[in-house]
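Beneath this line is the structure, given in structure tokens, with notes to follow.
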Amino acid sequence: MAPCNDYLEKNLVGRLKQLLATLCLGPVTLGVSISWTSPVLPQLESNATSFHLTSEESSWVGSMLGLGVLAAALPIGYLSSRFGLKKCVIGLILPLLIFTVVAVFSKDVYSLCIARFFSGIATGGICVISPMYTSEISDVSFRGTLGSFFEFLLYVGVVLVAIIGAYVEYKTLTVMLGIVGLALTMIFIFLPESPTHLMKINKREEAERALRFYRSKNCDISDAMMEIETSIKSKENQLSVKEALTSRRVIRGLIAAVGLTVFQKFCGVDCILFYSVSIFQVTQTGMNAYTSTIVLALVQLVSAVLNVFVIEMANRRLFLFISTIGMGISLGVLGMYFQLKELGINFTGIEAIPLGSLIAYAFTFSMGMGPILWMINGELFAPDVKGLANGITMTSNWILLSTVTKSFPIMMNNMGPNYTFYLFAASMFLCAIFVKFFVPETRGKTLEQIQSDLSS
């Protein structure tokens with residue numbers, strides 16, 4: 001049988017199928033869910049809709065996404081193990097459709113929060129299932145590309161929301177995006193179940209067919225099948241929680257992973273995604289806030305594409321240093337803009353500072369704190385603790401996301417935008433120090449080498 005290393009000739013069709021599966025797993029929906037509030041909340045805070053939200057109510061709508069994710073994470077993990085990843089992916093259309101219907105017919109903040117909560121359930125399912133499915137169907141040499149493609153599609157969702165939301169009412173936007181999610185789910189129905197689940201229920205032949213569906217027909221899948229068998233056995237030999245939390249390698253890995261997660265939330269990226277239109281409105285530059293949001297979303301999309309080609313050119317820590325310092329400077333400049341406005345200082349070109357600083361911020365975020373955080377999280381932990389470690393990291397991520405996005409409008413009103421962005425900037429400079437002392441280098445190292453470094 002032919003090996004699976006010939007990218008152009010023998011495995012092109014299989015890899016196109018892997019890209020299609022990645023698309024159908026929901027990254028576009030994930031991007032839509034995260035950025036939906038950006039064009040919608042300004043509409044609801046104006047008098048142009050059937051009901052009106054206050055800034056406090058808007059903050060609750062924004063934060064409910066994270067609560068929905070937290071509610072879904074553990075049940076989705078159990079259900080995927082019990083019934084298989086494919087059934088769970090298809091089942092995620094239910095909370096997405098509930099969100100669409102409830103959001104369209106909402107008449108008050110309470111029903112809108114419920115809708116947003118169901119959007120969070122769908123988002124949580126995507127976050128849990130997508131990396132599991134893509135890691136099972138892809139060969140090792142293509143996994144990095146699939147990960148970058150997933151991030152690219154996430155920003156496609158952000159761009160869709162920014163562009164469509166600038167020109168249509170929020171109800172129309174919500175229905176259109178719901179239709180996109182439904183269409184992608186319908187396509188996924190025709191894709192195979194995950195090979196690991198098929199092996200767990202003793203359907204080896206179907207598992208082999210599933211793997212060959214995503215590879216070339218004559219591909220030798222013996223190594224992939226052996227990897228799946230090893231993975232199943234390793235999960236049967238998981239460390240207990242007590243054993244894991246008293247292990248030096250696990251503790252040091254968690255300090256790095258959870259620490260980076262905390263700093264990523266306090267860099268303000270979720271606040272900017274959730275409230276970008278509102279932020280540009282507050283800048284009062286005279287530039288259209290929706291147009292500025294579209295430009296920012298397109299920069300994020302282009303940055304995600306460029307990241308595919310540069311991410312393996314240098315060490316992870318170097319990219320993190322560049323990213324955190326660049327983001328800190330960008331956020332500091334944005335805070336300074338608001339400071340100058342407060343002092344009544346004006347000069348030619350000052351109106352370009354908000355968009356320019358946020359473009360620099362988005363670009364530097366995509367170089368490090370965006371993709372590398374999740375890459376390092378996947379590289380730091382051995383299979384016997386990966387489930388526990390990822391659960392702790394993911395829980396920390398979404399609790400902090402809910403907290404920060406709920407607090408952001410309040411901070412903008414009570415502290416002022418200048419000190420809010422100064423705080424985010426200071427967090428990034430502190431993060432650079434944290435990376436220096438607590439984040440190990442993982443690029444080019446085997447799992448055994450990384451575990452040895454963490455244990456030393």
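Within segment 127-166, the set of residues being over 17 Å from LEU306 (Cβ atoms), in contact (Cβ under 8 Å) with a residue 12 or more places away in the chain, of a type in the set (Ser, Thr, Tyr) and open to solvent by 10 Å² or more (accessible area, probe 1.4 Å) comprises THR134, SER141.
Could you say which residue among GLY66, GLY84 is in contact (Cβ under 8 Å) with a residue 60 or more places away in the chain, on the phi > 0 side of the Ramachandran plot and either of a type in the set (Gly, Ala, Ser) or open to solvent by 20 Å² or more (accessible area, probe 1.4 Å) (or both)?
Details: GLY66 fails: on the phi > 0 side of the Ramachandran plot.
Going through GLY66, GLY84 in turn, just one is in contact (Cβ under 8 Å) with a residue 60 or more places away in the chain, on the phi > 0 side of the Ramachandran plot and either of a type in the set (Gly, Ala, Ser) or open to solvent by 20 Å² or more (accessible area, probe 1.4 Å) (or both): GLY84.
Just so you know, in segment 99-126 the residues that are under 11 Å from GLY68 (Cβ atoms) and open to solvent by 10 Å² or more (accessible area, probe 1.4 Å) include one that is nearest to the chain's Cα centre (by Cα), and it is ILE121.
Every residue, every condition in (1) among the aliphatic types (A, V, I, L, M); (2) over 24 Å from THR291 (Cα atoms); (3) out of contact with any Lys or Arg (no Cβ under 7 Å at 6 or more places or on another chain), yes or no:
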position: PRO354; (1), (2), (3): no, no, yes
position: GLU379; (1), (2), (3): no, yes, yes
position: THR403; (1), (2), (3): no, yes, yes
position: ILE410; (1), (2), (3): yes, yes, yes
position: PHE424; (1), (2), (3): no, yes, yes
position: CYS431; (1), (2), (3): no, yes, yes
position: GLU441; (1), (2), (3): no, yes, no
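From the list GLU169, GLU206, GLU193, which residue is among the charged types (D, E, K, R), in contact with a helix residue (DSSP H, G or I) (Cβ under 6 Å, 6 or more places away or on another chain) and open to solvent by 30 Å² or more (accessible area, probe 1.4 Å)?
Just one listed residue meets the conditions, GLU206.
Tell me whether segment 258-275 contains one or more residues that are farther than 28 Å from GLY391 by Cβ, open to solvent by 20 Å² or more (accessible area, probe 1.4 Å) and not polar (S, T, N, Q). So far as segment 258-275 goes, no, none of its residues is farther than 28 Å from GLY391 by Cβ, open to solvent by 20 Å² or more (accessible area, probe 1.4 Å) and not polar (S, T, N, Q). For segment 291-307, filtering for residues that are touching a Phe, Trp or Tyr at 6+ places or on another chain (Cβ under 8 Å) and free of Cβ contacts under 8 Å to residues at least 12 places away in the same chain leaves 0.
Would you tally the residues in segment 11-39 being within 20 Å of the chain's Cα centre (by Cα) and either part of a loop (DSSP other than H, G, I, E, B) or β-branched (Val, Ile, Thr) (or both)? It would help to see each step written out before you state the result.
Going through segment 11-39, the residues within 20 Å of the chain's Cα centre (by Cα) turn out to be 18-39.
Next, from what is left, pick out any that are either part of a loop (DSSP other than H, G, I, E, B) or β-branched (Val, Ile, Thr) (or both): 22, 25-26, 28-29, 32, 34, 36-37.
Total meeting the criteria: 9.
Test GLU342 against the criterion of being at pLDDT below 80, part of a helix (DSSP H, G or I) and surrounded by fewer than 20 Cβ atoms within 10 Å (Cβ to Cβ), and give yes or no. In short, no. Whenever a residue of segment 434-452 is farther than 17 Å from SER323 by Cβ and surrounded by 17 or more Cβ atoms within 10 Å (Cβ to Cβ), its partners that are of a type in the set (A, V, I, L, M) and modelled with pLDDT under 85, lying with C-beta atoms within less than 6 angstrom and at least six residues away or across chains, give the pairs GLN451/ALA382.
For PHE213, the conditions (1) touching a Lys or Arg at 6+ places or on another chain (Cβ under 8 Å); (2) open to solvent by less than 20 Å² (accessible area, probe 1.4 Å) all hold with the exception of (2).
The values are calculated or read from the model by the stated rules, or taken from the named source; none is laboratory data. Here the structure is a predicted model, which is why all the values come from computation and not from measurement. Every residue, glycine as well, gets a Cβ built from its backbone with ideal geometry; the counts of neighbours run over all protein chains shown. Just the protein is used for accessible areas: all its heavy atoms, side chains included, with ligands, DNA and RNA removed. Shrake-Rupley method; radii C 1.70, N 1.55, O 1.52, S 1.80 Å.
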